[in-house]
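The values are calculated or read from the model by the stated rules, or taken from the named source; none is laboratory data. A quick note: this is a predicted structure, and the numbers were derived from the prediction, not measured. Neighbour counts run over all protein chains shown; Cβ positions are idealised from the backbone, glycine included. Each accessible area value is taken on the protein alone, full model and side chains, heavy atoms only, with ligands, DNA and RNA left out. Shrake-Rupley method; radii C 1.70, N 1.55, O 1.52, S 1.80 Å.
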Amino acid sequence: MFALFWLAAPWPARHAQQGQRDAGFEQSARPFLTEHCYGCHNADMKTGGLNLEAYSTVASIVQDRQKWEEVAKKIRTGEMPPKGMPRPKEAEAQAIIHWIENLFEQVDRQSSPDPGRVTARRLNRNEYANTVRDLLGVDFRATQEFPVDDSGDGFDNIADVLTISPVLMEKYMAAAERIAARAIGADPLPKKPIEAEYSRKNMNLRRLNPSAVEATHRVEWDGEYIIRFGLPGERSADAKPVAMGFWMDGKLLNTIQVETKPSKLVYFDPYSEEEMRLFLPEGDHTFRVAFINDDFVKGLSLKDAYDNKKNKFIGSMLFVGPFPSQTEKASRKKILICDPNSGPACVEKIVSTLARRAYRRPVTKSEVASLVKLVNMSKAEGLSPEQGIQVAVQATLVSPHFLFRIERDQDPTDPAKIHKISDIELASRLSYFLWSSMPDDELLALAEAGKLRASLDAQVRRMLADEKSAALADNFAGQWLETRNLDVVKPDPQKFPSWNPELRDAMKTETRMFFEAMLRENRPLSDFLDARFTFLNETLARHYGIEGVTGTEFRRVDLKTDQRGGILSQASVLTVSSYPTRTSPVIRGKYLLQNILGAPPPAPPPDVPVLDEGAVGNTGTLRQQLEKHRSNPTCAACHNRMDVLGFGLENYDAIGRWRTMDGKFPIDVSGTFPNGKSFVTPAEMRTLLKGELPDFARCLTGKMLTYALGRGLERYDKITVNNISRKLEASGYQFQTLIYEVTQSLPFQSRRGEAMAVKPKEPKEPKEPKEPKEVDQR
């Protein structure tokens, strides 16, 4: 890239610039490299496969940019010079770092801007579900109905990997029919309520523990249902009432109080019933009912827990319904904006409004006419006008204009031309970034009027305040922090008997609410690393050993000790970065390098020896076992930085509980960063990490920009990342600054045409010894 711009300049100017830069290299860089680097990284030794003496001019450095950016990073973090070698003064280290960074910034400023190009992007499962919700008012579980979306660059909204298969198209067709029927509700409900019972007797009720059961049930129609719970048994006379919760797909729908002590009436077999009447959406759902924070059963054996003379437990669930809802469906109000029985004008108004919102742009007369034609054909076959509208809704949901986000090149005569995307396209970029859903009426109206760019910051502010911005916590943070994996991790029940669905859901909720608070309150990014607050309910507070929090509702809690603080001490993060049976300092260290510091280690070699699991906690701590395990000096380059971070979290077990012992041995979490700074507690490590806030901010910027654009970042995006990082620093690292700057950035607001810009070939280098690979001792 540099070479092209170099050649584009007049020769005298090129020569002068070259001379000035080479002089700067001799004055600012070479003395440092001679004193601290050439001793190992020379033509003879080539330590790590790197010969820095080979770079004698600025042009040679620019051509090997990636390697020199890595040099700057290692000097900044203190990894180089290595431990045991004389360390440069801080001012000297900063001077060489600034020289390298300034060199590449000059190159970037001379280069032509390139916003990149995003291919036509299919809605992923979450975007599809949210769009159906906002378009039609229908709750559709796309994550259960559709195949898993592929991921790229850490996220599942990357355009290049969101392909569409014949199987997925078939599912789209089936889903469109079901969603349209639910939205209009023109199909009649059954005349008599239907009963479906789940019990141990029927062998279709899963016992999760003595206080909780679960069943998978298909709800055939949207409607209200009576859910009746059979509760065999009774407890002692002094037993307290217990809260019973009812969940659908992990979401708590209702709680009631249940009396558990003996009744005054005499029963041969003690038994009682409780019931709820709730609206349930159509589809396959997992229902769970449980006594919440049930201390009574903790003192019972498994046999006594199911003895109806000694305990009251949940024995059955009965679904009765559907019953007509007492209120008109919100979906009908969204679609039927006038009475379709009143004539063709109303039908045309309904379908044109629907298509405009579904396609997220103004619609053509021919597009409206084709939908009106479907309604008329349905009426000719004997269907009602509402059922005809239902067919039009179904057709809309399988249109490519609904399923894909398509941006068009504005100048077909110049396919490589860089141009700003239209306001209409910008509205969709904005809404799917912040809401994972379609533009609302206000956003789309501004875009159609060509006024969106002029009020972009105001719209971002409004959208962040909207509850739909919770999608950033679910879809961005859930993938950045990998907390989505809580749905699939399975800690060993023998080692971690307290693990259950309620605890798992509480972990997810804490991190989601924490991220939302960081965003909506515009808190500094440093709070991600060591905030003095979190969000807890009684279940999670007990898990953390925090007193004074009761009930199922989550609330903001100020942290009184330094055991917890920020995302790195939250059980969700600690659980997904552990094995089912134990912690893993390597996994946790890699997690921090990859997701917090933006410096992922290389992949481990295939011949990693297996850790002796039986020795952990018996003949030594995990730390001692891993120190023996990685004694190979070739592993130290990666593990010296990775493992110190992981060991700093060893006070938290594999499901995030605080501990001070590893089996029979006290835990040692102390460590020293490559820059020489040391810590002896997790809190002290978090404080040191706050000192690396620029690296964290740059890492988060890259991930946020990737998510917002729906594509991986390229070399030409570095100037955008650098610009946003500088503005973040100037703002005091306020979180919302990151959002505003991403939406105002060149790649978010513009695109390159289909023809690829000509890229210079990377210079071929002589073959050198491969860098030593990391040994991942998990």
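Structure notes:
- Sequence-distant contacts, meaning Cα pairs under 8 Å at least 6 residues apart, place the relative contact order of the stretch 80-239 at 13 percent.
- Share of carbon and sulfur in the accessible heavy-atom surface of the chain [1.4 Å probe, %]: 53 percent
- With R₀ set to 60 Å, the beta-carbon distance separating Tyr579 from Ser366 gives a calculated FRET efficiency near 0.55.
- Label sites at Asn675 and Trp99, each approximated as a point 7 angstrom past Cα along Cα to Cβ, lie 2.1 nm apart.
- Local net charge near Asp423, Cβ-Cβ under 11 Å (Lys/Arg +1, Asp/Glu -1): +3
- Taking a straight line from the alpha carbon of Lys373, these lysines sit under 23 Å away, with near neighbours fewer than eight places off in the same chain left out: Lys333, Lys334, Lys349, Lys365.
- Computed lengthening from Phe404 to Asn42, 0.36 nm per intervening residue step minus Cα-Cα distance: 125.0 nm
- The mean of 1/r over all pairs of different alpha-carbon atoms in the stretch 432-586, once inverted, gives a Kirkwood hydrodynamic radius of 17.3 Å.
- In this simple spin-label model, placing a label point 7 Å from the Cα along the Cα-to-Cβ direction at both Glu467 and Arg109 gives a separation of 4.9 nm.
- Dipole magnitude (debye, nearest 20) for the stretch 403-520, charges at Cβ of Lys, Arg, Asp, Glu: 280 debye
- Ile587 paired with Arg726, simple spin-label distance in nm, labels 7 Å along Cα-to-beta-carbon: 4.1 nm
- Once the Cα gyration tensor of the chain is diagonalised, semi-axes √(5λ) in Å: 51, 41, 20
- Other residues whose C-beta falls under 10 angstrom from the C-beta of Phe748 contribute a net charge of +1, scoring Lys and Arg +1 and Asp and Glu -1.
- Kirkwood-based shape ratio for the stretch 54-119, expressed as Rg/Rh from alpha carbons: 1.08
- Taking 22 Å as the limit for the C-alpha separation, the pairs Lys261/Lys309; Lys261/Lys298; Lys468/Lys590; Lys329/Lys468; Lys590/Lys690; Lys251/Lys468 exceed it in the case of Lys468/Lys590.
- With every protein chain in place and a 1.4 angstrom probe, the accessible-area ranking of Cys40, Cys699, largest first, reads Cys40, Cys699.
- Mean Cα-pair separation over length for the chain, i.e. relative contact order, pairs under 8 Å, 6 or more apart, %: 14 percent
- Calculated from backbone phi, Karplus (6.51, -1.76, 1.60) coupling profile of the stretch 359-375 in Hz, x at Gly/Pro: 8, 6, 6, x, 9, 8, 5, 5, 5, 5, 4, 5, 6, 4, 4, 4, 4
- The slack in the chain from Thr77 to Gln27, taken as 0.36 nm per residue of separation less the alpha-carbon distance, amounts to 15.7 nm.
- Within the chain, longest stretch free of exposed chymotrypsin sites (Phe, Trp or Tyr not before Pro) [DSSP loop, at most 13 other beta carbons within 10 Å]: 269-778
- A 1.4 Å probe run over the protein chains yields, for the stretch 284-378, 48 Å² of accessible area per residue, whole-number rounding.
- Helix-only mean residue ellipticity at 222 nm for the chain, each DSSP H run of n ≥ 4 adding -39500 (n - 2.57), per residue, nearest 500: -12000 deg cm²/dmol
- Centre-to-centre, using Cα atoms only, the stretch 176-203 and the stretch 204-225 are separated by 14 Å.
- Low-density loop positions, trypsin sites (Lys or Arg not before Pro), the stretch 336-417 - DSSP coil, at most 14 other Cβ in 10 Å: Arg408
- Alpha-carbon centroids, the stretch 146-173 and the stretch 418-494: separation in whole Å: 19 Å
- Each of the GluC sites (Glu not before Pro) that DSSP puts in a loop and that has at most 15 other Cβ atoms within 10 Å breaks the chain; the longest unbroken stretch is 1-219.
- Restricting the stretch 660-717 to trypsin sites (Lys or Arg not before Pro) in coil, as DSSP defines it, with at most 15 other Cβ within 10 Å: Lys664, Lys677
- Annotation for the stretch 28-127: trypsin sites (Lys or Arg not before Pro) lying in DSSP loop with at most 15 further Cβ atoms inside 10 Å of their Cβ are Lys83, Lys89.
- The stretch 452-517 - Rg (one decimal) and Dmax (whole number), Cα, Å: 16.6, 59
- The Cβ shell under 12 Å around Ile164 holds other residues with a net charge of 0, Lys and Arg each +1, Asp and Glu each -1.
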